[in-house]
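Engineer: This is the structure, below, for whatever I ask next.
The values are calculated or read from the model by the stated rules, or taken from the named source; none is laboratory data. Keep in mind that what you see is a predicted model, and the values were worked out from it rather than measured. Neighbour counts are summed over all protein chains in view; Cβ atoms, including those assigned to glycine, are modelled from backbone coordinates with ideal geometry. Keep in mind that these areas ignore ligands, DNA and RNA; they rest on the heavy atoms of the full protein, side chains included. Shrake-Rupley method; radii C 1.70, N 1.55, O 1.52, S 1.80 Å.
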Amino acid sequence: MAESRGEHEGAGAEEAEYEAAAHAAAAGAVLEDPHLMTLVFAHLSLEDLCRVAMVRRCWREVTANPKFWQSINLKGRTLQVSKVRALLSRHCGVHELNARGVSFGPADLGAVLPELTKLRSLELEQERGYGRNELEAIGGNLPALTRLVLAGGTLMGPMAAAPGGANDWAVVRHPQLQRLELESLRAQRLKLVAPRLAHLRLRDVSSGVMQVVEGGCLAEVELWECGKLTDGALRGMLCLEGPAAAALPCLTSVTLSSVGHTSDETLRLLGQRQTTLRSLALAACGAVSGAGLATPGGFAELRSLSVEHCDLLTGANLSDAVRELHALAELRMVGCTQVTALRLSSCHLARLTLHGTRTLQELDLRCARLAEVDCVPINPGLASSLCLRRILLASHAVQRLQWSALPNLQTVRLQCPNLRELDLSECRALSDSVFESLGSGGFGGAPAGGYVAGDMLNPGCPELRVLKLGDCEALRHAVLRSPSLESLQLSQCRWLQSVKLDCPMLTQLALEECTHLEEVALESRRMISMSLGTCPRLGSIAISCGTMTQLDLRGCNQLQSLQLSCPALSSIDATFCKSLGDAAIGAMARCISLQELVLAACDSLSIGGLGALRQLTTLRRLDLSYTPLEDPTPIYRACAHLTSLVLSNNYALRPETLLPLFPAPPGEDSGSAALAPSLPSVACASASSLAPPATSRAAAQEPPLPGLQALDIGYCSMPAHVLAAVVLRAARLHVLSINGVRGGVTDALWPLLHLQAAARGTPRTPALPPPPPLACSTSGSDASAVVAAACALVGGAPAGAAATEAAAPEPSPPLLSHHALRTLCMIGSKELRSFCLGLVPADEALRLGLLISGGTVVANGRQYVPVATVLAGLHELRMSLSGRLRSLSLGLPHLEDLQLNNCAELAHLVLHCPALGRLALQGCRALPAAALLAVVASCPRLRELDLQYCPQATPGVVAALHAACPTLQSVLTTTPRAASP
């Protein structure tokens, strides 16, 4: 055995050596391939290229590829000049060289630059400056140079030149240079000779005299932070004086930023001499008042003007300048604290940008082609124009305006016939006058809006589609007539009192949180839905809209007057409309297409007012929850076509009023007649009042609501025998909700929901002894009496009656044969401790005389038998929040969804539900892990299991659950929190 083990280990070692050799051979092939290494080295930086060149000779040859050295950036690196010279001499084909920080000596540039014949871009930074020889080396040895950046130090002329003489100029010369940038330089006299120069940029340059010679191609000039540049030098550079005037025929753009000596006279000369100028930007020019911009005939081609932080600039001068600049299309103003009123009149101005104009108070724009007006704050979160109070705008080109968050804006007057969208949100001082210029005319025949007379523009905004006025607290009365408005937002206008709209095209209206709104009048032809929620003071509503289908009135607890002309209205939600009276119900009844009506928590309703609903033949759902309704029987006759009825949380509801909905089948009420005399009249219900009258046979055959499919009687007071009668007789219901029913959902309920052996022909007793008096809440001592009373109501024998006579087999009663109930909701059954449905302990089934359908199930050491129940067709059962429920057994063949969330005391669970696909046991802490495994194993089609907040759902238990049920796909659990130290 030892020999075989040694042979096996030897074979493994040889295989490992073979694989290592194969990997080494493959890696060597890659590292020796020049083409592959070129692709790899293309991703390396300059330092890495130099390092890999010293590793292998073949790599050195690869790194010598000229394409790796077309761009060399030495900025921020401390390198010796000798190494830089060696590098450049080795790679003389470089196209871009950034040598900022390399301290070249006086003779270094003269030695290096002649070899760089292909250099296109050069950046240099010398603290000592640049001498004549270095400037000549740059201008005479780089034939391909198009971009030059010189930074730091002093530009010096000839050493032998006398100060002020003809040869003391510092000359930057190059025949092919197209872009020149000078940064942080000083020169007494500076001359630029570059016939092809197109872009000149100076930053922090000081010079007494500056000239641009042969500037026939110069198109852009930028001066930044040149505070020491004199006004005379600026005029000389721009060729504004002397014999060189008008020597810049291609100049189109000038930027002057922080050039403090710039005067209005210089701007006047610039406008007169440089007639090709199209863009002018002035920033932090403290001596500019704007008078030089308003020169008649000046700046004939100027298209764009930008003024930033020019604190001497006045609104009058700027307005005059815009009026004289006939070609101006774009104006940008930033800061400019002296501008408090801006009145612009221009035929060509198309864009206006106001950036951080916090002192601007009035804005008057009469510009027919103005398409964009932007108010932008300097810092996000701040108001763009803190003091702006009045805006007047006349333009036929603007289509969208966003003037939000202007806290002091009071007046807006618009003449914009093509305006589509206007946003004035958070303008908290905005007055009602804003509506005067937005529509084609006032409400009820008021004159049309607008303020500009003449034939140039149409008054108002006839094409307005979207209007946003949210959070405008100063609005009081919104009166608007607009033929084109589609969306209006008035949310959070807390002091708005009335809204009157005549807008045929309106489709969206938002009035949320208008806490002082009292009146709404609306005329529209396209509105689909409307929400007036959380308007607590709304008292009057008048709506005329032929297309509206949904109306939300939730929270309008002062609403009394309601006028509706909405033939297509299908849904109204009036929850918490506590003042809604019978007149408003009559107005709702005139909506002939109404299908859903929610009147929850409407305390002022009366039975007489609800009788007006008989006009609504289309009404299908009615919600009367949280109302003091005692007897809903008139509603059964008035709303004969209902399919859903909600009566939950009606504290005054009399339980016997529900029985007319589900009359007993013929021949099955004899027991109740015998039982009636013996039942006393108690607060919950009496048997005499619960039994159907003898003269109502025809009514019993045709129930009042033949199409009823869903009934909600949750959280009402109801004894168990009445609740059982409702469940047993409700054969046509699909959904029944008995959530939190007080006194009815107890341990005495479940025996009433099963068939008895007597119903299928077993011997039954000839008579019943009088039952004891019944109370609303039952206990274990009187459970048998409750069972007997309920059996009398549904026409059967009591469960557990002794069999003394033999009888022929009888067919199943019609009441129990075709039960359509699919969903049963029993959420919050706090009085329930034990519940069985379709699966009952064998001893209990024999004691109660229930009809056993066959077979036995053993669980937890106890034997269970399937029992026939009227609810065998249930698909969904909800019993969550039943905190005292301890034992539950279900045998429902069609049940698919079972919800038992937060049943904290549930310890015994037995299921025989072969179709169950979803089981929710969230928060069921008392259920043992073994019982949980048994439950999951008994559900062959279970797919989803919710075990959140169940401490017994450990990873091992979850794995066992998946093994017990192969179809289980999802198990939701909660990760336990780590204990605090």
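Engineer: Give me the lysines in straight-line cross-link reach of LYS118: C-alpha distance below 22 Å, same-chain residues under 8 apart excluded.
Structural biologist: Reachable lysines: LYS67, LYS75, LYS83.
Engineer: By the scheme Lys and Arg +1, Asp and Glu -1, what is the net charge of all other residues having a beta-carbon under 13 Å from that of CYS639? Could the numbers behind the result be given before it?
Structural biologist: On the way: positive: ARG614, ARG620, ARG621, ARG637; negative: GLU596, ASP623.
Computed value for this residue: +2.
Engineer: Which lysines have a Cα lying under 27 Å from the Cα of LYS578, excluding residues fewer than 8 positions away in the same chain?
Structural biologist: Leaving aside lysines fewer than 8 places away in the same chain, those within reach of LYS578 are LYS500.
Engineer: In debye to the nearest 20, how big a dipole does the stretch 172-310 give about its Cα centre with +1 on each Lys and Arg Cβ and -1 on each Asp and Glu Cβ? Please report the intermediate quantities before stating the final value.
Structural biologist: Details: 14 positive and 13 negative charges, 75 e Å.
Its charge dipole is roughly 360 debye.
Engineer: Amide H to amide H under 5 Å from SER184: which residues, 5+ apart in sequence or cross-chain, H placed 1.01 Å off N in plane?
Structural biologist: Under 5 Å from the amide H of SER184 lie the amide H atoms of GLY152, ARG203, ASP204, VAL205, each far enough along the sequence or on another chain.
Engineer: Mind ranking VAL334, VAL55 by accessible surface for me, highest first, 1.4 Å probe? Don't skip to the answer; put the middle values down first.
Structural biologist: Working: VAL334 10, VAL55 90 Å².
Result of the area sort, largest leading: VAL55, VAL334.
Engineer: Using Cα pairs under 8 angstrom and six or more residues apart, how large is the relative contact order of the stretch 860-981, in percent?
Structural biologist: On the way: 261 pairs, mean separation 22.6, N = 122.
Relative contact order of the stretch 860-981: 19 percent.
Engineer: Would you mind getting the accessible area per residue of the stretch 92-147, heavy atoms of the protein chains only, 1.4 Å probe, in Å²?
Structural biologist: 42
Engineer: If ligands, DNA and RNA are left out, what is the accessible area of MET37 with a 1.4 Å probe, given in Å² to the nearest 10?
Structural biologist: Looks like 10 Å² after rounding.
Engineer: Residue-wise, which Karplus ³J(HN,Hα) couplings in Hz belong to the stretch 845-854, taking 6.51 cos²θ - 1.76 cosθ + 1.60, θ = phi - 60°, and x for glycine or proline?
Structural biologist: For the stretch 845-854, the Karplus curve yields 5, 6, 5, 8, x, 7, 7, 8, 8, x Hz.
Engineer: Further, regarding this structure: Which net charge results for the neighbourhood of GLY470, defined as the other residues with beta-carbon distances under 13 angstrom from its beta-carbon, given Lys and Arg at +1 and Asp and Glu at -1?
Structural biologist: Details: positive: ARG428, LYS468, ARG494; negative: ASP423, GLU426, ASP471, GLU473, GLU512, GLU513.
Overall, the nearby charge balance is -3.
Engineer: Using protein chains only and a probe of 1.4 angstrom, how many square angstrom of TRP495 are accessible, to the nearest 10?
Structural biologist: TRP495 has an accessible surface of roughly 120 Å² with all protein chains in place.
Engineer: Determine, from the Cβ-Cβ distance of GLN558 and HIS641 and an R0 of 25 Å, the FRET efficiency 1/(1 + (r/R0)^6), rounded to the nearest 0.05. Show your work: numbers first, answer last.
Structural biologist: Details: r = 32 Å, r/R0 = 1.28.
The formula returns an efficiency of 0.20 here.
Engineer: For LEU906, which sequence-distant residues (separation of 5 or more, or a different chain) have an amide H within less than 5 Å of its own amide H, given hydrogens modelled in the peptide plane?
Structural biologist: Under 5 Å from the amide H of LEU906 lie the amide H atoms of ALA926, each far enough along the sequence or on another chain.
Engineer: Using +1 at the C-beta of Lys and Arg and -1 at the C-beta of Asp and Glu, which of VAL373, SER263, VAL398 has the Cα lying farthest in the positive direction of the dipole of the stretch 219-398?
Structural biologist: Sorting the options by dipole projection puts first VAL398.
Engineer: I need the phi-derived Karplus couplings for the stretch 618-629: 6.51 cos²θ - 1.76 cosθ + 1.60, θ = phi - 60°, integer Hz, Gly and Pro marked x.
Structural biologist: My calculation for the stretch 618-629 gives 9, 5, 10, 10, 10, 10, 10, 6, 6, 10, x, 8 Hz in order.
Engineer: Same structure, new question: Enumerate the aspartates and glutamates that LYS228 could reach by cross-link, defined here as Cα to Cα under 17 Å, with residues fewer than 8 away along the same chain left out.
Structural biologist: GLU183, ASP204
Engineer: Which loop-located trypsin sites (Lys or Arg not before Pro) does the stretch 901-981 contain, where loop means any DSSP state but H, G, I, E or B and the Cβ has at most 12 other Cβ atoms within 10 Å? Walk me through the numbers on the way to the answer.
Structural biologist: Numbers: sites: ARG918, ARG925, ARG941, ARG943, ARG977; in loops: ARG925, ARG941, ARG943, ARG977.
Of the trypsin sites (Lys or Arg not before Pro), the ones in loops of the stretch 901-981 whose Cβ has at most 12 other Cβ atoms within 10 Å are ARG977.
Engineer: Read phi for every residue in the stretch 720-725 and hand back ³J(HN,Hα) as whole Hz from Karplus 6.51 cos²θ - 1.76 cosθ + 1.60, θ = phi - 60°, with x for Gly and Pro.
Structural biologist: The phi angles translate into 5, 5, 5, 4, 5, 4 Hz.
Engineer: Turning to a different aspect of this structure: Counting only residues 5 or more places away or on other chains, whose amide H sits under 5 Å from the amide H of MET548 once H atoms are built in the peptide plane?
Structural biologist: Amide H to amide H, under 5 Å and 5 or more residues apart or across chains, MET548 pairs with ALA568.
Engineer: Which net charge results when you count Lys and Arg as +1 and Asp and Glu as -1 among the other residues whose beta-carbon is under 14 Å from that of ALA329?
Structural biologist: On the way: positive: ARG278, ARG303, ARG332, ARG351, ARG369; negative: GLU301, GLU330, GLU372.
With Lys, Arg at +1 and Asp, Glu at -1, the net is +2.
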